[in-house]
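Data first, discussion second: the structure below is written as structure tokens.
What follows is calculated from the coordinates using simple rules that are stated; it is not laboratory data. Computed from a predicted model, the values in this text were never measured in an experiment. Here Cβ is always computed from backbone atoms with ideal geometry, including for glycine, and neighbour counts include all displayed protein chains.
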Amino acid sequence: MGYMYRVLLADDEQIERMALAKRLKRHFGDSLDISEAVNGAEALETYKREKSQIVVMDISMPEMNGVEAAEHIRSLDEDCIIIFLTAYDEFSYAKRAIVIRALDYLLKPCEEEELVAVMEEAMRLTDKRLTDKRLAEAGKDNEPPDGDESPEKAWPGSGPAEGQPRDDGDGRLAQVAETIREYIRNNYMKEISMQDAARMMNYSDAYFCKLFKQCFDQNFTSYLTGFRVNEAKKLLRDRRISVKDVSMQVGYYDSNYFAKVFKRMTGMIPSEYRDSETAQK
């Protein structure tokens, strides 16, 4: 058996929790060691006992809500990957959630494609952080790959938003959507996150997730994954570019992880896709 990621699922609704665990097991099998909790207080105790690396947590729970539990977890562990499950009417928690640095917010009922994409990203980040720690302990430099500049900002002076976003209230989602598209087009090849995009627009993380879902009918991680795979398809048609270089050029510095994501999205590994495209010419 290979490496197992320690995952905590926290939701006070048993049916939701069981369905979530079943979907994760179906896609990731024995690579996940799943613990469960029925409220925020139990989630915190379970995290302390299991040292969970990835926490998927409902925001609205009795005794202690998800944001409160996540704040405690974040104070104990800067590296724990936190993913929130939330309903549209729960974004009033956004002000407090800013400092938690959640990977993403999945709107209930979340699509299976979104859940899988976010979990894949959480596993990749867990691997990266473990590698970074090993390198640091070995006393080696841990510089990012050449060309991995900080993501571009769309305009100067933007930073983490506090409270409600600066929105002119005109409701032009199309204009917002195009700003987001442009940011992703300019930065998809870099190590960008949902928080980077939210800061670029001076929105809180949670509000940005709500807005993104309204614009694209999927979450940020799923959209970014799809965009990267589509760009990879274009590059794979050129046999002069190695699969490893394609992986790097679309923002995946681990070619094995890239191949896994690409196969999930297309049904083929990159080399098979390249061969199929070449055969059609």
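Computed from phi, the 3J(HN,Hα) profile of the stretch 224-240 under the Karplus parametrisation 6.51, -1.76, 1.60 (θ = phi - 60°) reads 4, 4, x, 4, 5, 5, 5, 5, 5, 4, 5, 5, 5, 6, 9, 5, 6 Hz, with x in place of Gly and Pro. The amide H of Q218, built 1.01 Å from its N in the peptide plane, has no neighbour under 5 Å, considering only residues 5 or more places off or on other chains. Per the Kirkwood formula applied to alpha carbons, the stretch 5-135 shows a radius of gyration over Rh ratio, Rg over Rh, of 0.93.
Which one, V261, L236, A198, projects farthest toward the positive side of the charge dipole computed for the stretch 170-281 from Cβ point charges (K/R +1, D/E -1)? Selected residue: L236.
With the cut-off at 29 Å, tell me which of the pairs K48/K263; K108/K233; K22/K263; K133/K190; K128/K233 have Cα atoms farther apart than that. Display every interim value, and only then the final one.
Details: K48/K263 35 Å; K108/K233 31 Å; K22/K263 21 Å; K133/K190 21 Å; K128/K233 25 Å.
Over 29 Å Cα-Cα: K48/K263; K108/K233.
The length gained by stretching the chain between E277 and M189 to full extension, at 0.36 nm per residue less their Cα-Cα distance, is 29.4 nm.
Distance between the 7 Å Cα→Cβ label points at R240 and T179: 3.9 nm. With the cut-off at under 11 Å, measuring from each backbone N in the stretch 19-41 to a point 7 Å along the Cα-to-Cβ line of L76 picks out 41. Dipole check for the stretch 191-260: with +1 at the C-beta of Lys and Arg, -1 at the C-beta of Asp and Glu, and the Cα centre as origin, the magnitude is about 320 Debye.
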